[in-house]
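A.B. asks: Encoded as structure tokens, here's the structure I'll be asking about.
The values are calculated or read from the model by the stated rules, or taken from the named source; none is laboratory data. This one's a predicted model, so the numbers in the text were calculated from it and none came from an experiment. As a convention, Cβ positions derive from the backbone with ideal geometry for all residues, glycine included, and neighbour counts pool all protein chains shown. Keep in mind that these areas ignore ligands, DNA and RNA; they rest on the heavy atoms of the full protein, side chains included. Shrake-Rupley method; radii C 1.70, N 1.55, O 1.52, S 1.80 Å.
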Amino acid sequence: MNTRSDGFPGFLRFRNKKNHRGGAFSTVWFSVLLLSLICVAGDLRAGVSVFDFETVGPDQSGEYEPSMELAMDGGLVTIREQYSPQWHMAGWSHRMVITVNNDTGENLVEVPVRLDLEGAPDEVFDMGRLDGSDMVLVDSDGEVVERRWVERFDFIARRGFIWVQLSYLPAGGGLYYLYFGNFDESIDVGTPEEVFSYSTPVVSAVVLNPMAADSEILVQSFVDGNEIELSPSTSWSLNARELGLEDPQNFQESSMIAATGPYYAQFSGTGTDAVPFLAYASDVFVYPAPREDDIFDVYSPFGPSELSIYDDGTLVASETVYPATPLSIPADITNGNAARLESELPIVVNKRADIAGVMRDVMPYLPPSTEIVGANSGSGLVAALEDGTAVDIYYSSVAHETVYLDANEVYSLGYPGGGGTGTGDGVNIVASGPIAGLAYADGDGGEAVTFMPRDELGMRYLIPRNAEYVLISAPSPGVTCQVLNSDGTLAQEEKSDTIAPPYPNRIRFGFIAAGSEITCDKPVFAMMEDQAHDAERNLFPVKAHRPAIYPYPFGALTSGPETRYAFTSGFVVTPDLQPAEGISALLAFLQTGDIWIPAGTTITYQLSNNGGSSWYYHDGAEWQQALVDSQE
């Protein structure tokens, strides 16, 4: 009789129907599913009786009677698998139920959804592969969700994120199963390019900045065969790292960018930066306002929204923002205070500063987060959203600061950079509440760069214009980054220090030509300085290309982990044993057939000679009494 337990703790008890010789051992509990009894009379072997579930032996009579916990198919007896619902993935040891919520009121197609493993049971991190690559999502019909990407899996910190693209998500949501625990099959972690590519162009960015009227727009693709549309009438079909260029007379502030695959877009003129992505829409922002007269360019993707702008808690502007109608709001914030924006619906924000008639410090706002990563290329600032926020600031020079900020309070980072050459530290800022940060005034030009929530970091960045330098901050140690030429050949390679988290590691590249790409083996923050204007630019990764959906669907763990087998033990009543001679001694148990015993397993048999009232095991010298349910 053959069986495999796939590493699960499962025990079978074999019960012989009759006692022979008035007290011979009649019941055996052990952790493999095959029993052979070799019986002797005195010193003479009397015969061999094998409990073979396929064929009843000549010295046996009757039927095998498995308990309800067991499944018997011919010669195979196994502990029953989960059957409500059925177990979909035979090679996987564990699963959890995932509920994906969809509160939009509409059916969605090709929607990327992030599954957050924060707070997941320990089994998620202990029972699978160290990189999380064995995690597979299956829908309620048993179909595997093919497009998936294990973005982060930290079995030490007990944190992780998995992105999946659901081909169809009904209004209200759906039920899924996250399987994990498979060491035998070759599985990879997937790619963001698969998750954030679509069969038809998806709208994901808006021009927004009025200064773009004097600038060309440069669009660069992360993938081959990318169909990109710039409303109202421009389109490109671009391969990886290929550039599309459009003059300002062919687009306006309300122009949207749609694409089948991920891309990055940037403007060429002064007073501009990266094109704002709709994925960074939020109903609240808090940012330091370092200098001069502030102007906020805003766009509401989801409907009319009332917007209020505060200067350190004091209302300075209130406007209604309408869909498809970007609005520029002059609302000067006192230098050194925090700008706080609150709206009914999530909005996209591009911020500018009028410095003596010249637009500087241009940057898209990103939502506040409890952990942000950046590069202190000039003077760094951080602002808090809530009172009593503890803020720990870690630098790549292995310096550390701890400060406590109230709502709308701004703190100036120590260890500044400067000189216009990207000399500043990488920074990793961890807080007890939501924060946002930026760096500005690096010593030449006149731009600012927003720090990025750690959840938004990427491993690939595109360079559509000549860069004087690129500064990278890596939360992980020993990160390797490469610069690829426009044809994909290697131009430069650098490896960061190996400073342990939470301190970040820093990489700096010198000149990089337009059309290049930066690719790293772990997620990083990256910014560039435009060689033509000495202006810092925000760089955004693959996953910024997400559809505009509100509320955005999310996945939640809704059950504890289940194992493949529904039971941990069972028993089989064997046919009557009628050996050729009476049993006077038990010589041995023989394990026959294709039996799989996990590495490190020790099997000790327990025997009973009184119908199971008491059990004994042999310790090598004599018989010792054991508990009935002991695994000794």
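A.B. asks: With only alpha-carbon pairs counted, each pair once and no self-pairs, how large is the Kirkwood hydrodynamic radius of the stretch 202-357 in angstroms?
C.D. replies: Computed over the stretch 202-357, the radius equals 16.2 Å.
A.B. asks: What FRET efficiency, computed as 1/(1 + (r/R0)^6) with R0 = 22 Å and r the Cβ-Cβ distance, is obtained for residue 126 and residue 500, rounded to the nearest 0.05?
C.D. replies: 0.45
A.B. asks: Here are labelled values, (1) 31.0; (2) 25.1; (3) 34.1, and one is the computed mean projected area of the Cα convex hull in nm² for what I pasted. Which one?
C.D. replies: Only one listed value fits the structure, namely (3).
A.B. asks: Give the ranking of 68, 96 by solvent-accessible surface, highest area first, calculated with a 1.4 Å probe.
C.D. replies: 68, 96
A.B. asks: Just in the stretch 114-190: which chymotrypsin sites (Phe, Trp or Tyr not before Pro) are loop by DSSP and have at most 14 other Cβ atoms within 10 Å?
C.D. replies: Answer by residue number: 183.
A.B. asks: List the GluC sites (Glu not before Pro) within the stretch 91-180 that fall in a DSSP loop (any state other than H, G, I, E or B) and whose Cβ has at most 13 other Cβ atoms within 10 Å. Intermediate results must be reported in sequence, preceding the final value.
C.D. replies: Values: sites: 106, 110, 118, 123, 143, 146, 151; in loops: 106, 118, 143, 146.
Hits after loop and neighbour filter: 106, 118, 143, 146.
A.B. asks: On to the next question. Could you give the size of the charge dipole of the stretch 207-301 about its Cα centre, using +1 on the Cβ of each K and R and -1 on the Cβ of each D and E, expressed in debye and rounded to the nearest 20? List each step's numbers first, then the result.
C.D. replies: Numbers: 2 positive and 15 negative charges, 46 e Å.
Dipole of the stretch 207-301, to the nearest 20 debye: 220 debye.
A.B. asks: Residue by residue, what Karplus-based ³J(HN,Hα) values in Hz, rounded to whole numbers, does the stretch 291-297 have, using 6.51, -1.76 and 1.60 with θ = phi - 60° and x for Gly and Pro?
C.D. replies: Couplings: 6, 6, 8, 8, 10, 10, 9 Hz.
A.B. asks: Using Cα positions and a limit of under 16 Å, work out the aspartates and glutamates in reach of residue 522, with same-chain residues fewer than 8 apart set aside.
C.D. replies: Partners found: 131, 151, 154, 188, 193, 455, 456, 493, 494, 497.
A.B. asks: Follow-up. Work out, step by step, the length gained on full extension between residue 614 and residue 492: first 0.36 nm times the residue separation, then minus their alpha carbon distance; give nm to one decimal.
C.D. replies: Numbers: separation 122, 0.36 × 122 = 43.92 nm, distance 7.31 nm.
The residue 614-residue 492 span can extend by a further 36.6 nm.
A.B. asks: Right, another one. List, in order, the whole-Hz ³J(HN,Hα) value for each residue of the stretch 561-572 obtained from phi through the Karplus relation with A = 6.51, B = -1.76, C = 1.60 and θ = phi - 60°; use x for Gly and Pro.
C.D. replies: Going residue by residue, I get x, 10, 8, 4, 9, 6, 10, 9, 7, x, 9, 10 Hz, with x marking Gly and Pro.
A.B. asks: By how many nm would the segment from residue 73 to residue 358 lengthen if fully extended, with 0.36 nm per residue of separation less the alpha-carbon distance?
C.D. replies: 94.5 nm
A.B. asks: Quick check on the stretch 421-525: take the gyration tensor over C-alpha atoms, sort the square-rooted eigenvalues as a ≥ b ≥ c, and tell me if it's rounded (a/c under 1.5), prolate or oblate.
C.D. replies: On the way: a/c = 1.84, a/b = 1.29, b/c = 1.43.
Note, shape of the stretch 421-525 comes out oblate.
A.B. asks: Residue by residue through the stretch 307-320, what is 3J(HN,Hα) from phi via Karplus (6.51 cos²θ - 1.76 cosθ + 1.60, θ = phi - 60°)? Round to whole Hz and write x for glycine and proline.
C.D. replies: 10, 10, 10, 10, 9, 6, x, 9, 5, 10, 7, 9, 9, 9
A.B. asks: Taking amide H positions as placed in the peptide plane 1.01 Å from N, state which residues far from residue 522 in sequence (5 or more) or on other chains have amide H under 5 Å from it.
C.D. replies: Distant-sequence amide H within range of residue 522: 480.
A.B. asks: Here's a follow-up. Amide H neighbours of residue 81 under 5 Å, at least 5 residues apart or on other chains, H built in the peptide plane: list them.
C.D. replies: Under 5 Å from the amide H of residue 81 lie the amide H atoms of 566, each far enough along the sequence or on another chain.
A.B. asks: Something else about it: Please give the FRET efficiency for residue 249 paired with residue 293, using the beta carbon to beta carbon distance and R0 = 30 Å, rounded to the nearest 0.05.
C.D. replies: Efficiency, rounded to the nearest 0.05: 0.60.
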